[in-house]
1. How far is A:Ser235 from the same spot in each other copy, in nm, shortest first, if each label point sits 7 Å from Cα toward Cβ?
2. Going by the alpha-carbon gyration tensor, a ≥ b ≥ c the square roots of its eigenvalues, is segment B:55-109 rounded (a/c under 1.5) or, if a/c is not under 1.5, prolate (a/b greater than b/c) versus oblate?
3. Rounded, prolate or oblate for segment A:222-350? Axes are the square roots of the Cα gyration tensor eigenvalues, ordered a ≥ b ≥ c, and the cut-off for rounded is a/c under 1.5.
4. Remind me, relative contact order of segment B:267-331 in percent, using alpha carbon pairs under 8 angstrom and six or more residues apart?
5. What trypsin sites (Lys or Arg not before Pro) in segment B:98-178 are in a loop by DSSP, with at most 10 other Cβ atoms within 10 Å of the Cβ?
6. Between the chain alone and the structure with every protein chain in place, find the residues of segment A:296-313 that drop at least 30 Å² of accessible area; heavy atoms, 1.4 Å probe.
7. Distances in nm, one decimal, shortest first, from A:Ala117 to the same residue in every other copy, taking the label point 7 angstrom along Cα→Cβ.
8. Using the alpha-carbon centroid of each, what span in Å lies between segment A:287-311 and segment A:99-156?
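The values are calculated or read from the model by the stated rules, or taken from the named source; none is laboratory data. Given the structure is predicted, the values throughout are model-derived calculations rather than measurements. Here the Cβ positions follow ideal geometry from the backbone for every residue, glycine too, while neighbour counts run over all protein chains shown. Remember, those area values only see protein heavy atoms, side chains included, never the ligands or the DNA or RNA. Shrake-Rupley method; radii C 1.70, N 1.55, O 1.52, S 1.80 Å.
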Protein chains: 2
Amino acid sequence: MGCTGTAESWPGVADYVKGGDQVARASDPGVETPRPGYGAAAGRDTASFPEVTSRSSRSARRPPAMTDVAKLAGVSPQTVSRALSQHASVSPMTRARVLAAADGLGYRLNTAARTLATGHSRTLGVVAFNSTFFGPVSTLHGIEQAARVAGYFISVVSLRSIDRHSVADAVGRLNDQVVEGIVVIAPLTSAAEALENLPTDMPVVVVEGDPNAGLAAVTVDQAAGARAATSYLLSTGHQNVFHVKGPPEWQEAQGRLSGWRSALEEVGAEVVPPLSGDWTARSGYQAGQVLARVPEVTAIFAANDQMALGVLLALHEHNRRVPEDVSVVGFDNIPDSAYFMPPLTTVRQDFDQVGRTSLRLLLDQINSGARSVERVMIQSELVVRQSTLGTPEAS
Amino acid sequence: MGCTGTAESWPGVADYVKGGDQVARASDPGVETPRPGYGAAAGRDTASFPEVTSRSSRSARRPPAMTDVAKLAGVSPQTVSRALSQHASVSPMTRARVLAAADGLGYRLNTAARTLATGHSRTLGVVAFNSTFFGPVSTLHGIEQAARVAGYFISVVSLRSIDRHSVADAVGRLNDQVVEGIVVIAPLTSAAEALENLPTDMPVVVVEGDPNAGLAAVTVDQAAGARAATSYLLSTGHQNVFHVKGPPEWQEAQGRLSGWRSALEEVGAEVVPPLSGDWTARSGYQAGQVLARVPEVTAIFAANDQMALGVLLALHEHNRRVPEDVSVVGFDNIPDSAYFMPPLTTVRQDFDQVGRTSLRLLLDQINSGARSVERVMIQSELVVRQSTLGTPEAS
DNA sequence: GGGAGTTATGTTAGCGATCCCAGCGTGGGT
DNA sequence: ACCCACGCTGGGATCGCTAACATAACTCCC
């Protein structure tokens, strides 16, 4: 395998020339293929004589193709194909010869040609959304990682809005690329309907999407996380917990909202209508300014860390100490949250696992050839830090 | 150059009729094929079955191809191609007919086939890095946006380390996909050398990369931003400014470091060796704990907002007030920084513009067919908030 | 020891699009 | 009249690769 040198890339090396029957048998990798003059200068314009035209004349700088490798190795293109794609029966010697030839030429397989011939592309599509929020970005990242491990390419289309039309359009674009499956990161409830008329013959996995469409799905258990956070606050002596919710059109916001509510109901606490945020620190700050003025507020659960940050600032400006006067919990466990003032108690989501799992579900469908409706729920985990009172049982 | 005979005399009749399932009983062993390769294998007899099963027999569930559209519209595939790709001369009536047929069939152009035929893919490659840091993510986002506007697909390969090998590998993978150009987001100095032996015939733009490689490049003027930040601190009465720098292998860290240094030198202040961070809030916190103990420290410039956050926390824990006792400035203007405690003075970078500009440079190269070495520097901008003393001239 | 399996290779025919060139009808210029 | 340009259209050939079949040389096993 030595020889990683490769790099030089094809432009120079690519002539095997010597037509006819004899083929240069370059057996060892290092070998210089003898080059009969004819560098780049060669035949530029296509002559109109059949004899002369032959494919090689156009070459001006064409990257080497499989036939070139075949010729150099003295075998048929088909054998090259087999040697390079492992799985067929090729004698070790032939394989070595082919590999050497390919290496010497700097040959690279042409994906478009292979896709056309085989009908599949080893590419997966991801429909993502136009945001730089921590969650979606991390999820995308997780998917990308997992895909590479599995040997797939990822083609991403990111949308700015999630209506039926744009999702359909995105799926269409991916379809054009002959993707073998699609992951839709669909955090908005509006995405649900958009997903209904996806082509039925394409493997699909929905991440953070509607829990009841007939599609395979991976979701984080938002409600459980929110319930844990809220219950924790209640368990440390608070009579009630106030909530700053996320945008109602986000599934995650809904899940966190209902988890919070159920925890309150469980202990018979009053469910005070939550304040509305839009995930940004700004909105959290605004909500915080309201809450800070209400003496009864001693515990706040913000639907994400950003908003919790805003809440913290507002409380500080109103001289309400955290956690002595008010406890605050966020959601997401963004890296910075451990360095908020004070370090934030929050709920961790394992986005890498979300990525890995969604990819697994997708590959399962691809391999089995059938759509599945399996749904996987990823657990979340409460991370206790110093923005809440109580026994620091977790780090 | 002959070889690959093609031309020499072909079978008189290109029998184009596939005889249904039966195969054309090729020549018997007696026929000598002169040499491996194509050529004169020629003339089997034309299929004798009148009933032309034709391609449509295989159809099972194959998406419609151009020939299907052609058939339905009653024209040749070539005409369909022309009608769909606008730019050729087709009568309005024909075009309408073709469009209607395509629409009726739900036809979508097969990208792989087109790529194979034309040699280009309307796809651009991006080599990114395995991080969820705000800068790279935002840049990628900006590129994606701009690419879609320009009608290009984006294929992303993200690396986990930036050595020569992995960059070469990434570029190779993109090459396989027949991308028309590549944007390399190369924030590490180690990427510089990796870029040296890129294929020379591929348009490339480097973002945040080495300022002196012979490649087109887009960079943010880190040094100017850092200088502005530092000078601002000095102008508000501080005798000196202490720095928490980023990882030395990052170009941005270098630029910010040198900007800071030059601002100090400008006024003849002592350049105290900076503390080292790794972009994380944690590292900023650690640096902050050191700086908080030093009475002379009244102004700190952290190389990014995350580290500034950590610094703020450390100062708080040591009862040093911001900005009364110590002023703090960050870099990046991440969305949250406006809600730090106190809201952070920082330097804004326009990542969308970076994305747009790098795409423009790349498309210029693609369209002109020549590599350029144009370099564009994007200005950064000081955003003054409450973590610094002085006149609040900016919001 | 001969038909049945294996292994290693070559041959042919596409995958679905575009390219180049040739074949039509029209006009217009000479 | 003739010829050629022009607008529109069709007919291969081809892009680079692989699936499917064909072939030849061996091994096996009863």
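1. 5.4
2. Prolate.
3. Cα axes put segment A:222-350 in the rounded bin.
4. Once normalised by length, the contact order is 35 percent.
5. Values: sites: B:Arg108, B:Arg114, B:Arg122, B:Arg148, B:Arg160, B:Arg164, B:Arg173; in loops: B:Arg108, B:Arg122, B:Arg160.
Of the trypsin sites (Lys or Arg not before Pro), the ones in loops of segment B:98-178 whose Cβ has at most 10 other Cβ atoms within 10 Å are B:Arg160.
6. A:Leu309, A:Leu313
7. In nanometres, ordered from closest: 1.9.
8. That distance is 43 Å.
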